[in-house]
1. Does ALA68 meet the test of being assigned to a loop (DSSP other than H, G, I, E, B), modelled with pLDDT of 95 or more, under 24 Å from LEU166 (Cβ atoms) and not hydroxyl-bearing (Ser, Thr, Tyr)?
2. Would you check which residues across the stretch 1-29 are closer than 30 Å to ARG187 by Cβ and in a helix (DSSP H, G or I) and list them?
3. Go through (1) under 16 Å from the mean Cα position of the chain (by Cα); (2) over 30 Å from ASP152 (Cα atoms); (3) among the acidic types (Asp, Glu) for ASP120 and report which single condition fails.
4. Restricting the search to the stretch 89-114, which residues are touching a helix residue (DSSP H, G or I) at 6+ places or on another chain (Cβ under 9 Å), part of a helix (DSSP H, G or I) and surrounded by 14 or more Cβ atoms within 10 Å (Cβ to Cβ)?
5. Looking at SER56, SER62, SER82, can you tell me which residue is of a type in the set (Gly, Ala, Ser) and over 21 Å from PHE174 (Cβ atoms)?
6. Restricting attention to the stretch 115-129, and to residues there that are of a type in the set (A, V, I, L, M, F, W, C) and assigned to a helix (DSSP H, G or I), which single residue is farthest from PHE172 (Cα to Cα)?
7. Here are some conditions: (1) among the β-branched types (Val, Ile, Thr); (2) at pLDDT below 95; (3) outside any strand (DSSP E or B). ILE182 meets all but one. Which one does it not meet?
8. What number of residues within the stretch 170-185 are charged (D, E, K, R) and closer than 23 Å to ASN69 by Cα?
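The values are calculated or read from the model by the stated rules, or taken from the named source; none is laboratory data. Here the structure is a predicted model, which means the values were calculated and not measured. Cβ placement follows ideal geometry from the backbone for every residue including glycine, while neighbour counts extend to all protein chains displayed.
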Amino acid sequence: MDSRGQGRSTSSSANITYDLMAADVIGLLNYLGITQAHIVGWSDGAIIGLNLAMNSPNRLVSLFAFAANYNTSGAKDISLSSVFNAYLTRTQIEYEQMNPINDYQSLYNNLTTMWSTLPDWNQTDFAKIPSTIYAWIVDGEHEEVIYRDQPDTMALWIPQSGELILPRTSHFAFLQDPDTYIAALERFMAQATSYYTNQLITNNSLYSLFGLCGIYCQAPCWSPRRSFSRPIGLNFFRFCL
């Protein structure tokens, strides 16, 4: 799904926030009659997914959060990145071709205002995410937008999660190496489904398997005590035992 004001979606007079965009996801799920979903989010979409996991956990089965930060100090100065500036040029061209409002500067100003103050989470916020939600915190090896401590810390704060760093990629891994990105996503979905099914068996609720779907929103756990690497054709996957 498009984030508010992006792609072919319109916005409103309200300032864009992660709370507002998370409410948009819930609105779409309600409209489609979907009780629970697997959420795959990139950048802002990943932050939206984390917001949902904290505030609407009963609507999530799992979360694949790629390239998210949990506070503003975790974001780098994107103006210094030639790769990100090239991305902004591309997004403006594509936006002007498809968006019915076609006011890119207003959208950009709205987003940069949000990015300057949000997200603003800490460990207490992440403690709201229940163990029923299977999660991977994912990023690129050469991330130019988010500091590495952000995924590392979030993976520690979500005990049932895993952390995955995709090799030879950055904030745009799904464009730079789509095969590796899709392989990671397919493995995640298989493990998330298994994790969810095991919970249903434990709780005698197999009927809940029906009506699930996946939502992709634009825009895994490391333990210092016990950790290991599992080669899966990627850089490494560290999972807490």
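1. yes
2. TYR18, MET21, ALA22, ASP24, VAL25, ILE26, LEU28, LEU29
3. (2)
4. THR91, GLN92, TYR95, TYR104, LEU107, TYR108, LEU111, MET114, listed by residue number.
5. SER56
6. Among those that are of a type in the set (A, V, I, L, M, F, W, C) and assigned to a helix (DSSP H, G or I), it is PHE126.
7. (2)
8. The qualifying residues number 1.
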